[in-house]
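Peer 1: The structure under discussion is supplied below as structure tokens; questions concerning it will follow.
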Ligand code: HEC
Ligand code: HEC
């Protein structure tokens, strides 16, 4: 038992500091010693909580959720009134998008068929859209603890909390703002537009019992409240973790054992299968982008992705480089052999936990079967028939 606990502590320590810890080399050799001695990996994964925490100043109420949902689908939030949150986070694709990198402003069409209208002077959004599903739990640790006010957001964790996150795409030129308004003008413009629509005035008043309820802060709060209802905490894996031994098959259980043994769990830990930390793993660049995306602190580090609901959310990785789980696993196999797929990221720069990875072809099939137990289909797929602005629901996706 003592070794097991020790390894657990090492793993935690490594993953916490893997990017910045000056004692990197020392930690590495600790982990390697354990690898050789065929240790049993501590299981740090667990079911997602049945309830969601909200910030103290933004409790969940049905009024707020209903308002947030309409705002999520309403392109009134975008400069040219052509893009809604749902353009890139659509329930038909698990609240993500069936594209490698996003097209926001001046785009037309849905998912893989979406393209820029011509003429066009708007660049691609440089990253792959995360799913909004379970972002209510971003930052959750191995003990199922998390603070919604501090929840890490984006591939490079540049923003904290769903409330703050919701305002960022509105301000981003290529995502929703466009060129008509500046970054400092757009939020006031959006609030003025919402104020001119009586249904929104009434819904903000009902959702927030305060004077001047229709303001930027409450816009973020309403959208965040809706997002906190988009959770899948009853996947077959969750049922298994809550004691239903038959919820996942014998071969899926074997896949889970392989997942732990080969070292995936070192980063994909906790109930979200993510440590929410930055790691350098050298994903190949996306050719559509004019310059490489160097990620967090320009070190090509990105946040560990959650492994929940992968069935609904291909393609994978921060730039959608891989369109199937087979391709992802082949990539990790290369890493396992010390091969870099990104010339800008030499293998010396890899995260120490990647160097501990020990994956071969025979584990791939079982691991992919296991990952399928993490899909949960029970999320809100109902799309509003109309939005208060009268604009096309979800933006120019039809
Ligand atoms: C043009 C496509 C597009 C639109 C429109 C868009 N998003 Fe996103 N969203 C993305 C992309 C791409 C990312 C990842 C960006 C990054 O990490 O740098 C993202 C990330 C997120 C995340 C972070 C999830 C996580 O786990 O960190 C949330 C939450 C989110 N979006 C919600 C919204 C909301 C709310 C709106 C509307 C106000 C919106 N998005 C509009 C493309 C879009
Ligand atoms: C060193 C930490 C680390 C280890 C070990 C690791 N991963 Fe990852 N994983 C990441 C990071 C970081 C990302 C996001 C990388 C990016 O997009 O740049 C990721 C992304 C993924 C994705 C894409 C999910 C999505 O929605 O885009 C899958 C699938 C995945 N990992 C599976 C695995 C499997 C299976 C293993 C074991 C063979 C594994 N990972 C081992 C850190 C790790």
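None of the figures in this text is laboratory data; all of them are computed from the coordinates on show. If you're wondering where the values come from, they're calculated on a predicted model, not measured in any experiment. Note that we place each Cβ from the backbone using ideal geometry, even for glycine, and neighbour counts take in every protein chain shown.
Peer 1: Quote to one decimal, in nm, the extra length available between residue 244 and residue 172 on full extension: 0.36 nm per residue of separation minus the C-alpha distance between them. Each step should come with its number before you reach the end.
Peer 2: Numbers: separation 72, 0.36 × 72 = 25.92 nm, distance 4.49 nm.
Contour length minus Cα-Cα distance gives 21.4 nm.
Peer 1: Give me the number: length gained by fully extending residue 180 to residue 341, i.e. 0.36 nm times residue separation minus the C-alpha to C-alpha distance, one decimal in nm.
Peer 2: Stretched out fully, the residue 180 to residue 341 stretch lengthens by 54.0 nm.
Peer 1: May I pose another question? One-quarter of the Cα convex hull surface for the stretch 62-227, in nm²?
Peer 2: Numbers: hull surface 41.0 nm².
Answer in nm², one decimal: 10.3.
Peer 1: Right, another one. Report, in whole Å, the centroid distance computed from the Cα atoms of the stretch 205-226 and the stretch 285-304.
Peer 2: Spelled out, the Cα-based centre of one part sits 35 Å from the other.
Peer 1: Under the Kirkwood approximation for Rh and a Cα-based Rg, what ratio Rg/Rh is obtained for the stretch 167-316? Walk me through the intermediate numbers first.
Peer 2: Numbers: Rg = 21.5 Å, Rh = 19.8 Å.
Radius of gyration over Kirkwood radius for the stretch 167-316 works out to 1.09.
Peer 1: What distance in nm separates the two pseudo spin-label positions at residue 61 and residue 199, each 7 Å out from Cα along the beta-carbon direction?
Peer 2: Label at residue 61, label at residue 199, 2.1 nm between them.
Peer 1: Counting only C-alpha contacts under 8 Å and six or more residues apart, can you give the relative contact order of the stretch 122-238 as a whole percent?
Peer 2: 28
Peer 1: Taking every pair of alpha-carbon atoms in the stretch 269-340, what share in percent sits in each 5 Å bin, from 0 to the bin with the longest distance?
Peer 2: In order of increasing distance, the bins hold 3, 15, 21, 28, 24, 8, 1, 0 percent.
Peer 1: In the stretch 203-240, which residues have a backbone nitrogen under 17 Å from the label point lying 7 Å from residue 311's Cα in the Cα-to-Cβ direction?
Peer 2: Only 231-240 fall inside the zone, counting backbone N under 17 Å.
Peer 1: Using R₀ = 41 Å, calculate the FRET efficiency as 1/(1 + (r/R₀)^6) where r is the Cβ-Cβ separation of residue 349 and residue 257; round to 0.05.
Peer 2: With R0 = 41 Å, the Cβ-Cβ based efficiency is 0.85.
Peer 1: Still on this structure: Between the stretch 349-394 and the stretch 107-178, what is the separation of their alpha carbon centroids in Å?
Peer 2: Cα centroid of the stretch 349-394 versus Cα centroid of the stretch 107-178: 15 Å apart.
Peer 1: Okay, next question. Work out, step by step, the length gained on full extension between residue 360 and residue 108: first 0.36 nm times the residue separation, then minus their alpha carbon distance; give nm to one decimal.
Peer 2: Going from the current span to full extension adds 86.5 nm.
Peer 1: Starting from the Cα gyration tensor of the stretch 234-374, multiply each eigenvalue by 5, take the square root, and state the resulting semi-axes largest first in whole Å.
Peer 2: Output for the stretch 234-374: semi-axes of 27, 16, 14 Å.
Peer 1: Same structure again: What nm value, rounded to one decimal, do you get for the distance between residue 381 and residue 327 when each label is placed 7 Å out toward the C-beta?
Peer 2: My value for the distance between the label points is 2.4 nm.
Peer 1: Got the relative contact order for the chain handy, in percent, Cα pairs under 8 Å and 6 or more residues apart?
Peer 2: Details: 734 pairs, mean separation 100.6, N = 398.
With pairs under 8 Å counted, the relative contact order is 25 percent.
Peer 1: Note down the relative contact order for the stretch 234-374 as a percent, whole number, built from C-alpha pairs under 8 angstrom at least six residues apart.
Peer 2: Values: 189 pairs, mean separation 47.8, N = 141.
Once divided by the residue count of the stretch 234-374, the mean separation gives 34 percent.
Peer 1: Using the number of other C-beta atoms within 10 angstrom as an exposure proxy, rank 82, 349 with the fewest first.
Peer 2: Listing 82, 349 from fewest to most nearby Cβ atoms yields 349, 82.
Peer 1: Which percent of Cα pairs goes in each bin when the distances of the chain are cut into 20 angstrom slices starting at zero?
Peer 2: Bins of 20 Å from zero give 27, 56, 17, 0 percent of pairs.
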